[in-house]
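Notes follow the structure.
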Amino acid sequence: MRSVIDIMDLSVGEIDSLIETAESIIKDPAAYSEKCRGKKLATLFYEPSTRTRLSFEAAMYELGGQVLGFSEASSSSVSKGESVADTVRVVGCYADIIAMRHPKEGAPLVASRYSSVPVINAGDGGHNHPTQTLADLLTIKREKGRFDGLTVGLCGDLKFGRTVHSLISAMSRYENVRFVMISPVELRIPDYVKINTLDKNKIPYIEVTDLESVIGELDVLYMTRVQKERFFNEADYIRLKDSYILTSEKLAGAKADLSVMHPLPRVNEISTDVDSDPRACYFKQVLYGKYMRMALILMLLGV
Ligand code: CP
């Protein structure tokens with residue numbers, strides 16, 4: 001029995017294999033429509049979600065399985081004080097696999113230690129979001145055809161943006177990847193990511209505050225929302241929330257084959273006039289997320 005809590009729980013070879021499975025599902029979804037017949041996925045979401053929860057649910061339905069769960073802690077016995085450990089012990093009696101989102105960093109890891117069925121981290125606080133990274137990797141693979149040799153710009157809230165932390169871990173395993181970190185000084189990438197991932201693997205990166213001065217260097221631009229829910233002080237959020245707004249005018253200085261990505265939800269970070277630009281990939285990312293979650297469910301259930 002195996003859980004996925006961190007993107008590094010998957011080897012590069014396993015990620016290649018998941019991408020291969022996702023590509024196969026895209027080509028022939030009917031061939032997979034009965035693979036999880038009789039299996040159940042539980043979605044335990046202690047924090048709001050649109051894409052992750054619904055794509056996990058769509059993934060399981062499209063594999064022929066069924067879904068149960070809750071979309072807010074207040075509608076479960078968590079509101080009566082039940083622990084994560086007890087909750088997953090119970091849910092393991094009803095479901096074959098669990099996808100869990102939690103506002104506390106490490107909660108899905110704790111869950112995996114008590115669970116009798118695989119647990120997938122569907123986002124824990126400002127820490128990690130491995131299945132978003134699987135969506136991001138399939139997007140990069142399909143858009144750029146490779147992972148090696150890319151200059152990846154990460155823009156916005158790099159401190160609390162869990163998708164960024166997981167993407168840095170995943171991309172740092174490929175050759176000649178370089179990061180350009182674009183953020184306000186207060187929202188720079190945490191030291192633990194710099195020390196444990198970037199410095200440890202000798203990955204080149206620069207930190208800047210200005211998007212326009214670096215946009216022309218980038219192969220991928222990964223925009224992120226300022227994570228309002230992680231701020232202690234509303235005044236700081238209001239001051240920082242519109243630090244970066246990507247517009248068609250700013251894109252004029254970018255490469256013709258830049259891939260503009262965003263894990264979504266978007267607030268103001270990308271102007272809607274960018275949506276029709278062929279370089280905008282963020283809605284494709286959503287779709288690819290469903291296919292990668294299908295591939296991951298198949299892998300963890302050993303189907
Ligand atoms: N990208 C992402 O995690 O979106 P949701 O919060 O809507 O699941």
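The values are calculated or read from the model by the stated rules, or taken from the named source; none is laboratory data. Fair warning: this is a prediction, and the values are worked out from it, not measured in the lab. Note that each Cβ is placed from the backbone with ideal geometry, even for glycine, and that neighbours are counted across all protein chains shown. Areas reflect the complete protein model, heavy atoms only, side chains present, ligands, DNA and RNA absent. Shrake-Rupley method; radii C 1.70, N 1.55, O 1.52, S 1.80 Å.
Can you name every residue in the range 115-166 that is more than 17 Å from H262 (Cβ to Cβ) and not in a loop (DSSP other than H, G, I, E, B)?
V119, I120, N121, A122, D124, N128, P130, K141, T151
In this structure, is A99 small (G, A, S), within 16 Å of the ligand (Cβ to nearest atom), surrounded by fewer than 19 Cβ atoms within 10 Å (Cβ to Cβ) and closer than 19 Å to Q132 by Cβ?
Working: small (G, A, S): yes; within 16 Å of the ligand (Cβ to nearest atom): yes; surrounded by fewer than 19 Cβ atoms within 10 Å (Cβ to Cβ): no; closer than 19 Å to Q132 by Cβ: yes.
Against the criterion (small (G, A, S), within 16 Å of the ligand (Cβ to nearest atom), surrounded by fewer than 19 Cβ atoms within 10 Å (Cβ to Cβ) and closer than 19 Å to Q132 by Cβ), A99 does not qualify.
Output the residues belonging to the range 50-106 that are within 20 Å of the chain's Cα centre (by Cα), in a loop (DSSP other than H, G, I, E, B) and not basic (K, R).
Listed by number, the residues that qualify are T50, S71, E72, P103, E105, G106.
Residues in the range 243-279 that are more than 16 Å from the ligand (Cβ to nearest atom), under 20 Å from I140 (Cβ atoms) and not in a loop (DSSP other than H, G, I, E, B): how many?
Residues of the range 243-279 more than 16 Å from the ligand (Cβ to nearest atom): 243-259, 268, 271-279.
So of that shortlist, the ones also under 20 Å from I140 (Cβ atoms) come out as 246, 251, 254-259, 274-275, 277-279.
Right, trim to not in a loop (DSSP other than H, G, I, E, B) and you get 246, 251, 259, 274.
Residues flagged as more than 16 Å from the ligand (Cβ to nearest atom), under 20 Å from I140 (Cβ atoms) and not in a loop (DSSP other than H, G, I, E, B) within the range 243-279 amount to 4.
Restricting attention to the range 130-159, report how many residues are within 13 Å of the ligand (Cβ to nearest atom) and open to solvent by 10 Å² or more (accessible area, probe 1.4 Å).
Within the range 130-159, residues that are within 13 Å of the ligand (Cβ to nearest atom) and open to solvent by 10 Å² or more (accessible area, probe 1.4 Å) number 1.
Give the residues of the range 207-224 that are surrounded by fewer than 21 Cβ atoms within 10 Å (Cβ to Cβ) and in a loop (DSSP other than H, G, I, E, B), sorted by residue number.
T209, D210, E212, S213, V214, D219
Under 9 Å between Cβ atoms, at least 6 apart or on separate chains: pull out the pairs that start in the range 27-53 with a residue that is within 13 Å of M294 (Cα to Cα) and end on any residue that is within 16 Å of the ligand (Cβ to nearest atom) and among the acidic types (D, E).
What qualifies is L41/E57.
Condition check: more than 12 Å from the ligand (Cβ to nearest atom), under 13 Å from the mean Cα position of the chain (by Cα) and either farther than 26 Å from L18 by Cα or surrounded by 15 or more Cβ atoms within 10 Å (Cβ to Cβ) (or both). Does H127 satisfy that? Quick ask: steps written out before the conclusion?
On the way: more than 12 Å from the ligand (Cβ to nearest atom): yes; under 13 Å from the mean Cα position of the chain (by Cα): yes; either farther than 26 Å from L18 by Cα or surrounded by 15 or more Cβ atoms within 10 Å (Cβ to Cβ) (or both): yes.
Answer is yes for this residue.
Would you point out which residue out of N196, N201, N176 is open to solvent by 20 Å² or more (accessible area, probe 1.4 Å), under 20 Å from T133 (Cβ atoms) and assigned to a helix (DSSP H, G or I)?
Numbers: N201 fails: assigned to a helix (DSSP H, G or I); N176 fails: assigned to a helix (DSSP H, G or I).
Selected residue: N196, the only one of N196, N201, N176 that is open to solvent by 20 Å² or more (accessible area, probe 1.4 Å), under 20 Å from T133 (Cβ atoms) and assigned to a helix (DSSP H, G or I).
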